[in-house]
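Shown next, in structure tokens, is the structure this report addresses.
The values are calculated or read from the model by the stated rules, or taken from the named source; none is laboratory data. Worth saying up front: this structure is predicted, and the values here are computed from it rather than measured. All Cβ positions, glycine included, derive from the backbone under ideal geometry; neighbour counts span all protein chains shown. Heavy atoms of the whole protein, side chains included, go into the accessibility calculation; ligands, DNA and RNA do not. Shrake-Rupley method; radii C 1.70, N 1.55, O 1.52, S 1.80 Å.
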Amino acid sequence: MSDTRSSFPVPASRDDGAQGAAPAGPADGRGRTPAPWPMPGHAQPSAAPFPPSDASWPDPPDSGQPASGWGSRRRPAEEEPGEVTAWGYPPYREARPGPREPQPPAPRDPLDVGTPLPAPPGPPAPQAAGRAPARGQQHDAWGQQHDTAPDPHALARGQEHDAVQASGRAVRGQEHDALQTPERAPAWAPQPSPRQTPPDRPFSAWETSPGRDPAAPFAGAATVTERPPGGEDLPADEPAAPPARKKREPYLDNVKFVLIALVVAGHSLVPTMDAHSAKSAYMFIYTFHMPAFVLISGYLGRNFWNSNAKINKLVDTMLVPYVVVEIGYAVLRYALGQKWTLTIIDPAWLNWYLLALVLWRISTPIWTRMRQPLLVAVVIYMVAGFSEISGDFSIDRFFGLLPFYVLGLMLKPEHFDLLKPLWVKIVSGVVVAGGAGVAIFLAPHVNLKPVYFRYSFKSMDMSWWVGLGVRGAMLVAALALSVALLALVPRRETWFSDLGTRTLYAYLLHGVVVLVAKDQGWLDVSWLHGPLGVLAIMSSSVALAIVLCLPETRTAFKWLLEPRLVWLYRRPAESRGTGGEPPAPRESSTPVPR
């Protein structure tokens, strides 16, 4: 803090050694006898007080202890007053050397009265070249003192040093206050280190921990532990909780479960296709349920090639299950009395989807690089009807459902938000009801081959222009019903949201139950061949889908349908060298500009 005492008078100018000159005394009238100012040994002949006539410098008040040593200056609790100079009574400043000058040790405070004056020092050593005189004085070659003007650079450096010291004392004072009254912080708040605490914010012991930087202020202070608002004790050294994992969006899981239930229902209706009601329901379901499934697969495969884990799943959850299911259904058919048939390249029944999905996944980079991928996919879909495409490797389904996969690649989350308004849901309900009515009307009069999206115009006994019209109408109808279904499925978390995460097991395993029921004649009951039978079969299909999507089903068959083939893949972050040679550089997937 600033000194409130009055300034000392400036000594009158006079010649050194003038007879009768009276020394200037202090103006505060305290009446204390000041100790003589320490002088160099060659300037004072003895330890006796200087004669009044030789005193050319006013004595500072309360200077009971001289500078007894370099670098041992004791820091007082408060800001001490400065020394008396010929230019007034400024605050105490320490002269700092320039960039090229050696650092002089700081003298003790002349106002420190803790120890008595020592004996005058002996003859001083020769002053080093380039050292600035201390506190505004110079000694000539004869040892006489002369008042000189203050060095402006030394004053500026002294002010800077004082400002740094004052700032340090203020910060330590705030830290001391914070240790006395620690700031309460919530348990979920991050715990910054003391180095990150802003100057204008009080230091809080709640923010300290034993693992902080030892060089931080108050590194050895005790850590104060508070009880957080929840009532549970939280150790001060407990690390911050990791960010919460993003919750899975239930909307797409709801959609997948509804679609897999329709897949099971459609396959279960096959034994009762002679009934009009069963054929109408079958035609209605097959118009859109697989196109919608492919569309969702395309949407989920947008970033397929950006992840090594997803590329591994191309083998783990598609190719390996495809081979396992092909062998399993061949064994099942042989066990049911049918002829042994096993053709890996020609998918059996429902197994076509896995192989077609592999081809769609592989072709994803091609579609993402095109300017108009959907237009190209629609053209390929329409032209594919002119050719007799083989069913090997599901190539016929690959081209027949290609527009829906490419459309899924182009979709973004905001596109699904367009289906939220109420009027969209109302229109979607009308579309679904209208589609069911059209299926009921057309079922007795049309062939079901167009709903499979795989047959050519010649296979459907149609001319090319009629075939193009039918193929285009099926594309529009499937797209309209798929969008209507997406709008009507609830977006909130429902009782079947978790079941939608395990639809692969329902898709691959429900065929076993359907084949056994068909072979054993469980669906040959007469009342099942009617509207009531359609409701019973569809209800049973939903129940079967629920059972096959349970966690217990996945636990029982995961080793078979989702094997972990970790040994089959290279680790992306691992590079191994053999034979003492340096490891080969890994190839980057980033395209190189040419």
Handout entry: Fully extended contour minus Cα-Cα distance, from Val466 to His276, at 0.36 nm per residue
Key = 65.9 nm
Fill in the blank from the handout: Residue-normalised value, i.e. accessible area per residue, for segment 357-420 at 1.4 Å probe, in Å², stands at 51 Å²
Problem - Ile362 versus Asp498: modelled label distance in nm, points set 7 Å from Cα along the beta carbon direction - result: 3.8 nm
Practice task
Hand me the trypsin sites (Lys or Arg not before Pro) from segment 306-372 located in a DSSP loop with no more than 13 other Cβ atoms within 10 Å, in residue order please.
Solution key: Lys339, Arg371
Completion exercise
hull vol. (C-alpha, convex hull) per residue for segment 384-472, Å³ -> 121 Å³
Exercise for the section: Please quote Rg/Rh for segment 366-525 to two decimal places, taking the Kirkwood radius as Rh and restricting both calculations to Cα atoms. Expected result: 1.00
Completion exercise
Percent relative contact order for segment 379-507, counting Cα pairs under 8 Å at least six residues apart, stands at 38 percent
Practice task
Grab the alpha carbons of segment 345-421, take their convex hull, and tell me the volume per residue in Å³.
Solution key: 121 Å³
Problem - Whole-Å semi-axes of the ellipsoid equivalent to segment 284-419 (Cα gyration tensor, √5λ, descending) - result: 29, 18, 14
Exercise for the section: With the full set of protein chains in place, find how many percent of the accessible area of segment 256-394 is carbon and sulfur; take the probe as 1.4 Å. Expected result: 64 percent
Handout entry: segment 273-414, relative contact order [Cα under 8 Å, separation at least 6], %
Key = 37 percent
Practice task
Using the heavy atoms of the protein chains and a 1.4 angstrom probe, tell me the accessible area per residue for segment 294-356 in square angstrom.
Solution key: 47 Å²
Problem - Binned Cα-Cα distances of segment 293-367, short to long, each 10 Å bin given as a whole percent - result: 18, 43, 25, 12, 2
Problem - Links that overshoot a 28 Å alpha carbon limit, given the list Lys313/Lys339; Lys247/Lys420; Lys425/Lys458; Lys279/Lys518; Lys256/Lys518; Lys310/Lys518 - result: Lys313/Lys339; Lys425/Lys458; Lys310/Lys518
Practice task
Compute the Cα gyration tensor for segment 500-548, then decide on rounded, prolate or oblate, letting a ≥ b ≥ c be the square roots of its eigenvalues: rounded whenever a/c is under 1.5, prolate when a/b is larger than b/c in the other cases, and oblate in all that remain.
Solution key: oblate
Completion exercise
For Ala543 and Arg371, extending 7 Å from Cα along the Cα-Cβ vector and measuring point to point gives, in nm, a value of 5.7 nm
Practice task
At 7 Å along the Cα-to-beta-carbon direction for both Lys412 and Ser459, put a label point, then send me their distance in nm to one decimal.
Solution key: 3.8 nm
Fill in the blank from the handout: The extension gain from Val324 to Val476, computed as 0.36 nm times the residue separation minus the Cα-Cα distance, is 51.2 nm
Problem - Accessible carbon and sulfur surface of segment 438-568 relative to its total accessible area, %, 1.4 Å - result: 69 percent
Practice task
Kindly rank 497-503, 257-263 from highest to lowest mean number of other beta carbons found within 10 Å of each residue.
Solution key: 257-263, 497-503
